[in-house]
Amino acid sequence: MSRMEENDRQSAAPFELDALDRRILRVLQRDGAISHADLAVEVAASPASCWRRIKALEAAGVLGPAVRLVDPAKVGRGLDAICQVRMKSHASDVRSSFEAFVQQHPEVMDCYSMSGEWDYLLRIAVGDVRDYERFVMQTLLNHPAVASSSSHFALNRVKYSTAMPV
């Protein structure tokens, strides 16, 4: 089963969350490194109960792996470019090839298959406009399935969140 099919399968049936699950999720999204003891205090439950709930949320696919967020500017990736991509063909093998291509390029932070005029929307993190031009001209537009692209540059990040409302 492909990653997209797995994601579709997991998102098809929502997990039933109670009030304690929601409190746990809100805290973990704010601080993924919090200890079970500190989490228990914040959500008014026992550490053992929190641990069991976290394990159940992980098993259900509600919680993914714990990660730490990196400041893009501090690692030389301070330019966010939004790139719309139009495909030459919509055949499933062509789309699969493009999606595999995107997975192989770490500068592509997000990729969405879209409805409407454009086929894909990419968020690309690079150091500067030259890096972006190099990626688009030498890499993206050289993919045999890509017909065209349109670029937009973020001037300022007004809102950024990794926390899902629960």
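What the table shows:
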read-out: Residue 93 vs. criteria within 22 Å of residue 29 (Cβ to Cβ) and among the acidic types (Asp, Glu); value: no
read-out: Residue count, region 32-79 (criterion: under 15 Å from residue 20 (Cβ atoms) and acidic (Asp, Glu)); value: 1
read-out: Flag for residue 149 being assigned to a strand (DSSP E or B), assigned by TED's automatic domain parsing to the domain that holds residue 78, out of contact with any Asp or Glu (no Cβ under 7 Å at 6 or more places or on another chain) and modelled with pLDDT of 95 or more; value: yes
read-out: Filtered residues of region 154-166 (kept if exposed (fewer than 11 other Cβ atoms within 10 Å of the Cβ) and in contact (Cβ under 8 Å) with a residue 24 or more places away in the chain); value: 157, 162, 163, 164
read-out: Lone qualifier among 126, 94 - being in the same structural domain as residue 147 (by TED's automatic domain parsing), farther than 18 Å from residue 157 by Cα and β-branched (Val, Ile, Thr); value: 94
read-out: Restricting region 114-151 to residues that are of a type in the set (S, T, N, Q) and closer than 19 Å to residue 94 by Cβ, the residue that is surrounded by the fewest Cβ atoms within 10 Å (Cβ to Cβ); value: 115
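The values are calculated or read from the model by the stated rules, or taken from the named source; none is laboratory data. Treat the numbers as computed from the prediction; the structure is a model and nothing was measured. So basically every Cβ, Gly included, is an ideal-geometry build from the backbone, and we count neighbours across all protein chains shown.
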